[in-house]
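Only one structure is covered here, and it is reproduced in the block below.
The values are calculated or read from the model by the stated rules, or taken from the named source; none is laboratory data. Values in this document were obtained by computation on a predicted structure and should not be read as measured data. Cβ sites come from the backbone with ideal geometry, for glycine too, and all protein chains shown count toward neighbours. The protein model used for the area step is the full one, side chains on, heavy atoms only, and it has no ligands, DNA or RNA in it. Shrake-Rupley method; radii C 1.70, N 1.55, O 1.52, S 1.80 Å.
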Amino acid sequence: MKKFFRIFKWALIGAVILGTFYMLWRKSKPKVVDYEIVTVDQGNIENTSVATGKVSPRDEVLIKPQVSGIVSELRKNAGEYVKAGEIIAVVKVIPEMASLNGAESRVKVAEINYNQIAAEYERQKRLFEKGVIANQEMEKAKADYDKGFEELENARNNLDIVRDGISRKMAQQSNTQIRSTIDGMILDIPVKVGNSVIQSNTFNDGTTIASVANMNDMIFIGKIDETEVDRVHTGMPIKLVVGAINNQKFDAQLEYIAPKGVEENGAILFEIKAAASIPDSVTIRAGYSANAEIVVAKADSVLRVPESTLSFSGDSTFVYVLTDTLAKVKVYDKTQIHTGISDGIHIEVKEGLEKGMKIRGNQKL
């Protein structure tokens, strides 16, 4: 029995030693690395810059009142189309007491003057009919009468304007009727009936009654990084991708690049604007977020390879061309190439390769 355990012990030690040597031998063997095989093909490459921004109407007008008061009526709602001159709202004037008192006083004085002149005119008229006074005196009396009547009417109109903001004579041109100044869509009416509003004058902008814009003339407003701004210029075509509209791109043309940049989060950004061509069948709302794809370089029908297949040594660029497709261990030839533009995935090959050649790609996992 002791002999059996002795033999088993030595056999176990021998197996451990042999297993250790086998593992060391396996580790010392060079590992065969397998790579993906990529074919050199022909296609188009576009180098684009992307600017983020929004789509807005080119002309958005803020409608403000010319008199201060309280909104008494809203005749339009946001989203409706209006023509220039259409009434959007009506403002009720709250008169200033000093101005109202002065206007009422001028009316009373004008009435007194008019009554006196009218009485004098009637006397002169009767004397003229009897032939007592000359025609010249009658004409003077008539002129004084007309002037007195006109002054009374002006005083009454002025009282109406101070008290109501509107006169009977100029009712159609009343400042209390807030009218649209352009044809377009009402984007917003930030006031409600009963809100107080302030007139627009040289000292303040006034209260906005409504904002109106021409939705048939839309532009993209965005910002581009300083590293890209020198690669673009006005007149370049742009593709707009609107976030709210899937699977559709719109044509646009770059028409403005800001001469001065602004700093945002440590980066210098330049504002750009592009005229957008929106089909009538598509509804674009003001303020939609959008990305502008600007093609800064383009190459059609050129040889291309994935950028991941490139190797670099100094200023030179290389790829590994498959030379023996039948060998168990694939053989590659390191080949120098000259490249062109890149789109971030593929790169143009100007020299060194031909269409259909097989090159080494990424290592297989």
Rg and Dmax [Cα atoms of the chain; Å; Rg one decimal, Dmax integer]
43.6, 174
Quick one: Cα centre-to-centre distance for segment 192-227 and segment 115-132, in angstrom?
61
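Work through the residues other than residue 266 whose Cβ is under 13 Å from its Cβ and net out their charges, Lys, Arg +1 and Asp, Glu -1.
Numbers: positive: none; negative: 225, 226, 263, 264.
Around residue 266, the charge tally is -4.
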How high is the relative contact order of segment 195-275, in percent, with contacts defined as C-alpha pairs under 8 Å that are six or more residues apart?
31
Is the shape of segment 311-359 best called rounded, prolate or oblate, per the rule: a/c under 1.5 gives rounded, else a/b larger than b/c gives prolate, else oblate, with a ≥ b ≥ c the square roots of the Cα gyration tensor eigenvalues?
prolate
Taking only protein heavy atoms and a 1.4 Å probe, the highest-to-lowest accessible-area order of 303, 12, 127 is 12, 127, 303
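Using a Förster distance of 22 Å, how high is the FRET efficiency between residue 268 and residue 297, based on the Cβ-Cβ distance and rounded to 0.05? Spell out each step's value before the answer.
Details: r = 23 Å, r/R0 = 1.03.
Approximately 0.45, to the nearest 0.05.
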Using heavy-atom solvent-accessible surface (probe 1.4 Å) with all chains present, what is the largest-first order of 264, 351?
351, 264
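Cα gyration tensor of segment 203-294, axes a ≥ b ≥ c as square roots of the eigenvalues: rounded (a/c below 1.5), prolate (a/b > b/c) or oblate? All intermediate terms of the calculation are to be shown ahead of the outcome.
Values: a/c = 1.91, a/b = 1.09, b/c = 1.75.
Note, shape of segment 203-294 comes out oblate.
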In segment 270-306, whose amide N lies under 16 Å from the spot 7 Å out along Cα-to-Cβ of residue 54? List them in ranges.
271-274, 284-292
Just to compare against my own numbers: the Cα pair-distance distribution for segment 82-141, 10 Å bins, whole % per bin, please.
18, 22, 17, 18, 16, 9, 1
Which value, in Å² and to the nearest 10, is the accessible area of residue 75 when all protein chains are kept and the probe is 1.4 Å?
120
Using DSSP H assignments, which helices in the chain have an axial alpha-carbon span of 24 Å or above and a mean Kyte-Doolittle hydropathy of 0.5 or higher?
2-28
Peptide ranges 290-302, 130-142 listed from the most packed, as the mean C-beta count within 10 angstrom indicates
290-302, 130-142
Apply the a/c threshold of 1.5 to the C-alpha gyration tensor of segment 223-277 and tell me whether it is rounded, prolate or oblate.
oblate
